[in-house]
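What follows is a single structure, written as structure tokens, with notes after it.
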Amino acid sequence: MEIIKCDIEGLLIIKPRVFVDNRGSFFESFNVLKFQEITGLNLNFCQDNESISHINVLRGLHFQNPPFSQGKLVRVVQGKAMDVAVDIRKSSPTYGKYQMIELSSENKLMFWIPPGFAHGFLSLEENTIFNYKCTNYYNPNSERCIKWNDENLNINWPLATPFVSEKDEIGQDFVTFVSQFD
């Protein structure tokens, strides 16, 4: 595995070692000991989630407030997605900034998003399968959503009119958002 640090502190792109031959390919998608060794993070992933999305579906920008905040290790198993993490740590010098990365079944990249970030993605292919390893359990009472197309965040999504759930469409405006993350 190779770690690629992002411009925003805490976010990591993980590039697995992929073995390719005339039969196809193989890679280790997760190994807790290797993950700890290369990231220095000792995390307890307690819940795996998976979504399947049609092309042009946008999910996000989601997060859970403390004490139920979640770190997420995300990857695309099938298809392609544009993934976004927004820094919502109020004491961070990159508060309100975002990191965007293309995740696909071809590039096999993984994206580590620690607590203190809102997360969303846009499916770029039909039947994109998106996998999340989470460090905390889902808690509906602490779940929040920031509007995906908030003008203050100015996220450069590659599609102006994606298919968005009603819940995501009425997400909170960033200008009125009060972060619970330091």
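Restricting attention to the range 37-58, the residues that are at pLDDT below 95 and over 19 Å from residue 109 (Cβ atoms) add up to 3.
Here is the figure for the range 1-18: residues that are farther than 19 Å from residue 72 by Cβ and either exposed (fewer than 10 other Cβ atoms within 10 Å of the Cβ) or charged (D, E, K, R) (or both) total 2.
Pairs are defined by a Cβ separation below 8 Å, a sequence spacing of at least 6 or placement on different chains, a first member in the range 141-169 that is farther than 20 Å from residue 88 by Cβ and at pLDDT 95 or above, and a second member that is part of a loop (DSSP other than H, G, I, E, B) and not aliphatic (A, V, I, L, M); the pairs so defined are 162/56; 162/148; 163/54; 163/56. Among the residues of the range 157-182 satisfying the criterion of being outside any loop (DSSP other than H, G, I, E, B) and among the hydrophobic types (A, V, I, L, M, F, W, C), which is surrounded by the fewest Cβ atoms within 10 Å (Cβ to Cβ)? In this case the residue turns out to be 175. What residue, among those in the range 1-22 that are at pLDDT below 95 and assigned to a loop (DSSP other than H, G, I, E, B), is nearest to the chain's Cα centre (by Cα)? Per the stated criteria, the residue is 16.
Search the range 92-120 for residues being assigned to a strand (DSSP E or B) and among the β-branched types (Val, Ile, Thr), and hand back the single one that is surrounded by the most Cβ atoms within 10 Å (Cβ to Cβ).
Of the range 92-120, the ones assigned to a strand (DSSP E or B) are 98-104, 110-113, 117-120.
Pick out the ones that are also among the β-branched types (Val, Ile, Thr) and you get 101, 113.
Values: 101: 19, 113: 25.
Filtering first and then ranking leaves 113.
Residues in the range 128-154 that are under 28 Å from residue 35 (Cα atoms) and either hydrophobic (A, V, I, L, M, F, W, C) or part of a loop (DSSP other than H, G, I, E, B) (or both): 129, 130, 134, 135, 136, 137, 138, 139, 142.
The values are calculated or read from the model by the stated rules, or taken from the named source; none is laboratory data. Source: prediction; values computed, not measured. Don't worry about glycine lacking a Cβ; one is built from the backbone with ideal geometry, like all the others, and counts go over all protein chains shown.
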